[in-house]
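A.B. asks: Sharing a structure with you now.
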Amino acid sequence: MTEPAATADKATILIVDDTPENLGVLSELLQPYYAVRAANCGERALQVAAGAPQPDLILLDIMMPDLDGYAVLERLRADPATRDIPVIFVTALSASEDEQRGLDLGAVDYITKPIRPAIVLARVRAQLELKRARDRLRDENAWLEAEVARRNHQRELILMSAGEGIYGIDTRGEITFINPAAAAMLGHAREDLLGRNAHECFHRRRPDGSHYPMADCPLLNCLNGNFVARDREEVFWRKDGTPLEVEFTCQPMAEAGSVVGAVITFRDIGERKRYLAEIERKSNFDDLTGLPNRNLLTDRLAQGIARSRESGDTLAVLLLNLDRFKSINDSLGHAAGDAVLREAAQRLFAHTPAGVTLARGEGDEFVLIAEVDNPDTVARLTQPLLGALAVPYRIDAREFFLTASIGVALHPRDGENGEILLQNAAAAMARVKIAGGNAYGFYAAEMNARALERLDLENGLRRAIDNGELVLHYQPQLNLKNGAIIGAEALVRWRHPERGLVPPGEFIPLAEESGLIVPLGEWVLRTACMQNRAWQLAGLPPISMAVNLSARQIAAQDLVQLAGTVLQESGLEARYLELELTESMVMADADAFIHATEKLKGLSITLSIDDFGTGFSSLSYLKRFSLDRLKIDQSFIHDITQDPNSASIALAIISLAHNLGLSVIAEGVETEAQLRYLYARGCDEMQGYFFSRPVPAADFEALLRDGRKLALPAEPDAPGRSILLVDDEPSILASLRRLLRREGYTLYTAGGGAQGLELLAAHEVGVVISDARMPEMSGAEFLGRVREMYPDTMRIMLSGYTDLEAVTLAVNRGELFRFISKPWDDDELLGIVRDAFRRYEARRAPRIG
């Protein structure tokens, strides 16, 4: 099949069909070669056909409601403005009498469905070629008539009185005459232009401002090729350098069979284009956010589905809805709500990849359309969006936080058309919102089965509270000054009669979503308080009982009244109860939380922020909260001896808490190195598997009764005489030990960077000597982490390879005190170590003194 060439001067084809899928298929087939317009009913088709630009060919469906294809054709033929437009019927009707009827009415051809691309392209091309031939003949006749009329009038009178710009050029392109309108539009005096080359004078640059070679000038090409260029759009340039958008016609002039020049007429179309652009913008873009609106979204979605069908790729439709946006409108007014929507749109746009459509839906909804390789790609798309929206918003003097819920539907799995995909994405979004928001979720047909399973689990959880299937485990909290158990965190467990122990990560979110977290949380609070009081009555040392609260509990009940009632019922003094609240829950409505904490402190209840550092705290609010301590999240503790960033965050939280007069507890402490690091840096308390996992009440009681304590780290070694040696070759470590031991140094050895960092966390070291090339972590990376975490420690690199680039980088970054090549000179190495200790002692002297 020979496909039509795609040219800049495309013919316009109007496709008329009431079925969006048919419109999409035909549009996708023809758009590479022609300018395509579409109408989904007969009345709309008549409007488009009569408007400008007028279509060169119409593909018309017969079976349409209200006004069928036959009626549309009859009205086209009855209108002088549209009677000459060729029409091809495209229909599923295949009877010969139907075809005959269409041809009798004036159709030029008849194409039956289903669509066969080769047939459609061939017949469209044939009819367009016939139309061009007719138009050429008509234009030539019209030109001859106009030429005769023009010769019958005074040329100068026409030129001087015309409102359009008119000028003439000779075969060299030099201006031979120009009327006042043309000179005025170009900003020149007429006499300044006569005799000058038109191209060099006002047509030497392209619309983008780049140089326009004379050989590419369409006006001169028209002259040299002896053809008429009619109603072309171009940019001329005024004398002051500003662009002038014009529509021009270039008509070659001949005498005695030879071209002697050309007449160019043009008019300013800048205002018209700006007006049309504004109409286009208003019909396709949202006024408030500037994003594509529902109309353009529908078109983009139809195009995406068509591409997905052709390529077989997956199309993802993401519907994003802002969480708690209604409260902003209700409390701050619609002007504030509009400001938030504008900022949210800007944030989303900044994090939307190229090639992905972002549109505004209704209200506080946004829609994204993206072609994805697989569902996992959606995570990489959604996480930056959620992160961007979670940054605090500020309206006037108020700061608040918003999150979003995102539902995802995939084509073709979740729907064959745009309407169904949007409905299913909305359903998925609603489920995410019920679960607490600030996340994304997929729609899938199998969710019905999962919904039944979750329903069974939810019903089981309802019964579990009444049937005694819930049990509390307690994890000890320890004082890092004396190692004593000072508290416990109550953690709920569910012993399902059939499934056994159900993980908290499975039933706690279900409880949040279903609202069962309210009675469940009340049960935990009451049971924990009663257990703590029972231990006290048994003569055990009094401790604090920490209980986690959820946002749903705070929103659904009077927390102050509940806590007071439980304390009264259990007989537990308020000072032995601690309520833990998550950082994100606190910041969701900071002002309301401030009032709540003041009332709780009035009862003498201890308050803490759980998982501190993982949310979006505002320090300006934090100092106003009536808090007692901060809990460092275990994600920072896990890497505290290996990752400088985690270490810096943990140390910052310790410093912040102490400066605010709060105590600080680290959760998730699992190794001795982590304990030593926190102990040496003033952390007040800890909990974690290093001492004990969460245990049943009887086991925790035994810990209290036995007086079990945490063995605290011994006082650190004197750093002025301690050296850490790091090398993956045992023979090198042995040689260094023999040499340095004679000098009386305390030596620690490690076979790699990770082990070295563990030792540094457990011991104070004055000098580190590290090999440059080690597996898993290079010497440069290891010493770089040492520099960030232990800046006073002197760092020496030892290597048998003279890697100049690595050494230079390490020295420039301040990671090295010295570089020593293997094999080393013993005296030289000992001298460098002594210098290093002198430098180390000089650094520490001001702080020690």
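A.B. asks: Please work out how much length the chain gains when fully extended from GLU788 to ARG463, using 0.36 nm per residue of separation minus the C-alpha to C-alpha distance, in nm with one decimal.
C.D. replies: 111.7 nm
A.B. asks: Helix-only mean residue ellipticity at 222 nm, the chain, DSSP H runs n ≥ 4 weighted -39,500 (n - 2.57), per residue, nearest 500. What is it?
C.D. replies: Helix contribution divided over all residues of the chain: -14500 deg cm²/dmol.
A.B. asks: Could I get the Rg over Rh figure for the stretch 264-379? Both from C-alpha atoms, Rh via Kirkwood, rounded to two places.
C.D. replies: 1.09
A.B. asks: Then there is this: In square angstrom, what is the accessible area per residue of the chain with a 1.4 angstrom probe?
C.D. replies: Ligands and nucleic acids excluded, the figure is 48 Å² per residue.
A.B. asks: Moving on. If you place +1 on the Cβ of every Lys and Arg and -1 on the Cβ of every Asp and Glu, how big does the dipole about the Cα centre of the chain come out, in debye to the nearest 20?
C.D. replies: 1700 debye
A.B. asks: Loop-only check: which chymotrypsin sites (Phe, Trp or Tyr not before Pro) in the stretch 679-773 are DSSP coil with at most 13 other Cβ within 10 angstrom?
C.D. replies: For chymotrypsin sites (Phe, Trp or Tyr not before Pro) across the stretch 679-773 that sit outside H, G, I, E and B with at most 13 neighbouring Cβ atoms in 10 Å, the list reads TYR689.
A.B. asks: Treat every Asp and Glu Cβ in the stretch 280-430 as -1 and every Lys and Arg Cβ as +1, leave all other atoms uncharged, and give the resulting dipole magnitude about the Cα centre to the nearest 20 debye.
C.D. replies: Dipole size: approximately 220 debye.
A.B. asks: Right, another one. Percent of alpha carbon pairs in the stretch 458-525 separated by more than 20 Å?
C.D. replies: Cα-Cα pairs of the stretch 458-525 separated by over 20 Å account for 34 percent.
A.B. asks: Under 20 Å between alpha carbons, and skipping anything fewer than 8 positions from LYS709 in its own chain: which lysines qualify?
C.D. replies: List returned: LYS481.
A.B. asks: Then there is this: Give the residue from ALA772, GLN755, PHE819 lying farthest towards the positive end of the charge dipole for the chain; charges sit on Cβ (+1 for Lys and Arg, -1 for Asp and Glu) and the dipole is referred to the Cα centre.
C.D. replies: Positive-end residue among those listed: PHE819.
A.B. asks: Once you wrap a convex hull around the alpha carbon atoms of the stretch 35-96, what is its projected area averaged over all directions, in nm²?
C.D. replies: If you wrap the Cα atoms of the stretch 35-96 in a convex hull and average its projections, you get 4.4 nm².
A.B. asks: ARG196's amide H: which non-local residues (gap 5+, or another chain) put their own amide H closer than 5 Å, with H modeled 1.01 Å from N in plane and none for Pro or chain starts?
C.D. replies: Long-range HN contacts for ARG196: ILE175.
A.B. asks: Starting from a Cα-only point model with no solvent, please compute log10 I(q)/I(0) by Debye for the stretch 638-752 at q = 0.18, 0.19 1/Å.
C.D. replies: -1.04, -1.08
A.B. asks: Are there cysteines in the chain with no other Cys C-beta under 4.7 Å, and if so, which?
C.D. replies: Flagged as lacking a Cys partner: CYS41, CYS201, CYS217, CYS529, CYS683.
A.B. asks: Treating each Cα of the stretch 316-366 as an identical point scatterer and ignoring solvent, apply the Debye formula and state log10 I(q)/I(0) at q = 0.15, 0.16, 0.23, 0.32 Å⁻¹.
C.D. replies: Listed by q, the Debye log ratios stand at -0.43, -0.48, -0.88, -1.35.
A.B. asks: Starting from the Cα of LYS10, draw a straight line to each of the lysines and keep only those under 24 Å, dropping any in the same chain fewer than 8 residues away.
C.D. replies: LYS131, LYS273
A.B. asks: Also: Quote the convex hull volume per residue of the chain, based on C-alpha atoms, as a whole number of Å³.
C.D. replies: Expressed per residue, the convex hull around the Cα atoms of the chain is 293 Å³.
A.B. asks: Here's something else I'd like to know. Subtracting the Cα-Cα distance from 0.36 nm times the residue separation, let me have the gained length for LEU194 to LYS326 in nm, one decimal.
C.D. replies: 40.7 nm
A.B. asks: 5 Å is the cut-off here: which amide hydrogens, built 1.01 Å from N in the peptide plane, fall below it relative to ALA484, excluding neighbours closer than 5 in sequence?
C.D. replies: The answer is ASN479, LEU710.
A.B. asks: Another question about this same structure. If each residue of separation counts as 0.36 nm, what is the full-extension length gain between ASP170 and GLN31 once their alpha-carbon separation is subtracted?
C.D. replies: Additional length available on full extension: 46.1 nm.
A.B. asks: Roughly how many debye, to the nearest 20, is the charge dipole of the stretch 451-562 about its Cα centre, given +1 on each Lys and Arg Cβ, -1 on each Asp and Glu Cβ, and no other charges?
C.D. replies: About 440 debye.
A.B. asks: Still on this structure: Within straight cross-link reach of LYS326, meaning Cα distance under 21 Å, which lysines are found once same-chain residues fewer than 8 apart are removed?
C.D. replies: LYS433
A.B. asks: Hey, another quick one. For a test of the definition: using alpha carbon positions, the gyration tensor, and the 1.5 limit on a/c, classify the stretch 16-64 as rounded, prolate or oblate.
C.D. replies: oblate
A.B. asks: When DSSP assigns beta bridges and you keep just the ones with both residues in the chain, what percent turn out antiparallel, to the nearest 5?
C.D. replies: Here the share of antiparallel DSSP bridges comes out near 55 percent.
A.B. asks: At a Förster distance of 60 Å, what's the computed FRET efficiency of SER648 paired with LYS282, Cβ-Cβ distance as r, to 0.05?
C.D. replies: My answer for the efficiency is 0.75.
A.B. asks: Could you work out what % of the accessible surface of the chain is carbon and sulfur, using a 1.4 angstrom probe and leaving DNA, RNA and ligands out of the count?
C.D. replies: 51 percent
A.B. asks: Compute the Cα gyration tensor for the stretch 1-142, then decide on rounded, prolate or oblate, letting a ≥ b ≥ c be the square roots of its eigenvalues: rounded whenever a/c is under 1.5, prolate when a/b is larger than b/c in the other cases, and oblate in all that remain.
C.D. replies: rounded
A.B. asks: What translational diffusion coefficient, to the nearest whole µm²/s, does the stretch 339-475 have by Stokes-Einstein, given a Kirkwood radius computed over alpha-carbon pairs, a temperature of 37 °C and 0.692 mPa s viscosity?
C.D. replies: Translational diffusion coefficient: 190 µm²/s.
A.B. asks: Another question, if that's okay. I want to check the label-to-label distance for ALA92 and ASN141. Put each point 7 Å from Cα in the C-beta direction and report it in nm to one decimal.
C.D. replies: With each label placed 7 Å out from Cα toward Cβ, I get 4.3 nm.
A.B. asks: Over the stretch 666-784, what is the mean sequence separation of C-alpha contacts under 8 Å (at least six apart), divided by residue count, expressed as relative contact order in percent?
C.D. replies: 27 percent
A.B. asks: Taking only C-alpha pairs under 8 Å that are 6+ residues apart, what is the relative contact order of the chain in percent?
C.D. replies: For the chain, the relative contact order is 5 percent.
The values are calculated or read from the model by the stated rules, or taken from the named source; none is laboratory data. All values reported here derive from a predicted model rather than from experimental measurement. When we count neighbours, we look across all protein chains shown, and the Cβ atoms used for this are built from the backbone with ideal geometry, even at glycine. The area values use the complete protein model at the heavy-atom level, side chains included, leaving out ligands, DNA and RNA. Shrake-Rupley method; radii C 1.70, N 1.55, O 1.52, S 1.80 Å.
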